[in-house]
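Single-structure report; data block below.
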Amino acid sequence: MKRRDFVIKSSLAAAAVSSASPGFAYINKYVGSSAPIRIGVIGTGDRGGGLISVMNGIEGIEVAACCDVIPFRLANGMKRAGDSAKAYTDYRKLLEDKSIDAVLVATPFSTHAQIELDALAAGKHVYGEKTMAKGYDAVLDVVDAAQGNLVFQTGHQYHSSRLYTHVVDLIKDGKIGEITAFECQWNRSGNWRRPVPEPELERMINWRMYREYSGGLTAELCSHQIDFTNWVLGETPSQVFGTGGIDYWKDGRETFDNVHHLFSYPSGVEATFTCLTTNAKDDYQIKVMGDKGTIILDYVNGWFYPEGNYTKKRAEVDGVAGATTPWEAGKGIPFEFSHADPSKQALMDLRDAIKNNSKPISDLKTGANTAICVQMAIDSMLTNEVVKWNPKHSI
């Protein structure tokens with residue numbers, strides 16, 4: 001039996017236990033209940049541990065368990081989760097706990113798919129950190145397995161950002177005109193390594209440095225901006241070209257310390273994605289360019305720069321940005337409204353999707369398309385060739 005056939009049959013069997021009808025039509029124990037969603041966190045390192053603290057501040061969510069194979073990271077996770085949480089060193093044991101409703105997967109990239117598959121088979125809702133899965137086959141396996149009743153949310157949290165959703169709506173309403181290009185960067189100054197208390201933990205802690213476990217800068221950083229570009233355009237790239245190298249940090253790493261990608265979309269839009277580890281100028285930035293204006297975004301702020309004559313354009317700028325700050329010629333006008341931290345909002349959205357049997361905001365298709373794009377970009381860098389979208393990968 002082929003792997004994908006096995007995955008499909010396993011998924012259907014799991015779905016049959018909870019529902020006799022398709023989609024999300026299963027018995028939801030949360031309807032009319034104030035009981036919290038009990039979440040097990042698999043991977044309590046930097047990201048997973050940080051999200052435990054975030055979840056502690058969200059009504060309707062309880063961190064019920066933590067799992068990590070590195071003792072000090074598990075201890076840190078348990079310290080954040082509190083005395084009522086259970087500790088595991090084997091995620092499969094955590095999945096056997098029927099009191100756990102959902103899992104948050106924040107482990108090394110290469111392990112995402114198998115944990116997600118096992119969690120779905122165990123009847124758990126899944127919040128899978130980006131990037132969803134490593135490699136084309138793994139992505140398609142997860143897509144097949146997640147076709148049942150369970151919520152599968154991917155960790156592209158900007159879909160939950162009120163700033164980003166506002167900007168996407170403006171762009172789709174034509175406020176910056178016809179989009180012609182994206183320029184995206186995520187630049188840092190540092191070797192991207194974590195401290196290693198014992199030499200034998202090097203590959204476990206600094207897994208981002210090694211191709212066996214990691215997709216490098218493309219999977220860990222560029223993926224957010226790739227996802228945003230796909231989201232705005234409503235399409236995936238027709239072809240991808242990438243380049244990069246280990247040109248500065250000659251410390252035994254296998255993944256590149258700088259990457260540069262060019263994505264070409266069917267609509268004719270070109271998008272560039274750059275990530276450096278040697279210069280942090282302008283840090284994180286997304287620039288969306290249209291024939292009527294440009295929008296620039298960082299993590300939590302955005303600015304609109306209209307094209308054309310300042311005097312003629314001033315009246316319509318307020319209608320786009322909704323800002324009260326006077327617009328100065330040559331400067332962008334900021335978007336002004338309050339919004340929650342995107343990661344917190346994403347976890348609140350997960351809670352609501354589970355309670356309401358609804359489709360998550362950053363859903364399976366979002367995660368799968370981005371993961372396919374990431375693999376295309378990695379393949380292009382390693383082969384120095386243009387990689388075209390394979391119709392077999394369309395979700």
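Values quoted throughout were computed directly from the atomic coordinates according to the rules given, and no laboratory measurement underlies them. Since this is a predicted model, take the numbers as computed values, not measurements. Backbone-built Cβ (ideal geometry, glycine too); neighbour counts: all protein chains shown.
Among rounded, prolate and oblate, which fits segment 127-224 when a ≥ b ≥ c are the square roots of the eigenvalues of its C-alpha gyration tensor, a/c under 1.5 means rounded, and a/b larger than b/c means prolate? In terms of gyration-tensor shape, oblate.
One entry in [x] 28.2, 90; [y] 21.6, 68; [z] 28.0, 84 is Rg and Dmax of the Cα atoms in Å calculated from the shown coordinates; its label is [y].
Counting only the Cα atoms, segment 245-288 fills a convex hull of 79 Å³ per residue. Applying a DSSP loop filter and a limit of 13 other Cβ atoms within 10 Å to the trypsin sites (Lys or Arg not before Pro) in segment 329-378 leaves 331. Only helices enter this figure: runs of n ≥ 4 DSSP H residues, each worth -39500 (n - 2.57), summed and divided by the residues of the chain, yield -10500 deg cm²/dmol at 222 nm to the nearest 500. When 350, 233 are arranged by Cβ crowding within 10 Å, least crowded first, meaning fewest neighbours, the order is 233, 350. Fully extending the segment from residue 383 to residue 38, taken as 0.36 nm per residue of separation minus the present Cα-Cα distance, adds 119.8 nm. Give 98/344; 355/392; 98/365; 130/331; 130/250; 29/344 a once-over and call out the pairs whose C-alpha atoms are over 30 Å from each other. Listed pairs above 30 Å: 355/392; 130/331.
Have a look at the DSSP beta bridges in the chain and tell me what percent are antiparallel, nearest 5.
About 60 percent, rounded to the nearest 5.
Taking other C-beta atoms within 10 angstrom as a stand-in for reagent exposure, 348, 55 fall in the order 348, 55, fewest first.
In straight-distance terms, cross-link reach from residue 172 covers every one of the lysines whose alpha-carbon lies under 18 Å from its own, apart from those fewer than eight places away in the same chain; here that gives 287, 292.
Here's the picture: charge each Lys and Arg Cβ at +1 and each Asp and Glu Cβ at -1 in the chain, and of 168, 117, 189 the one pushed furthest to the positive end of that dipole is 117.
Each of 93, 281, 292 was scored by other Cβ atoms within 10 Å of its Cβ. Listed from fewest to most, they are 281, 93, 292.
Compared with the direct C-alpha span, the chain from residue 193 to residue 299 gains 35.9 nm at full extension, assuming 0.36 nm per residue.
Taking a quarter of the surface of the Cα convex hull of segment 24-135 gives a mean projected area of 7.2 nm².
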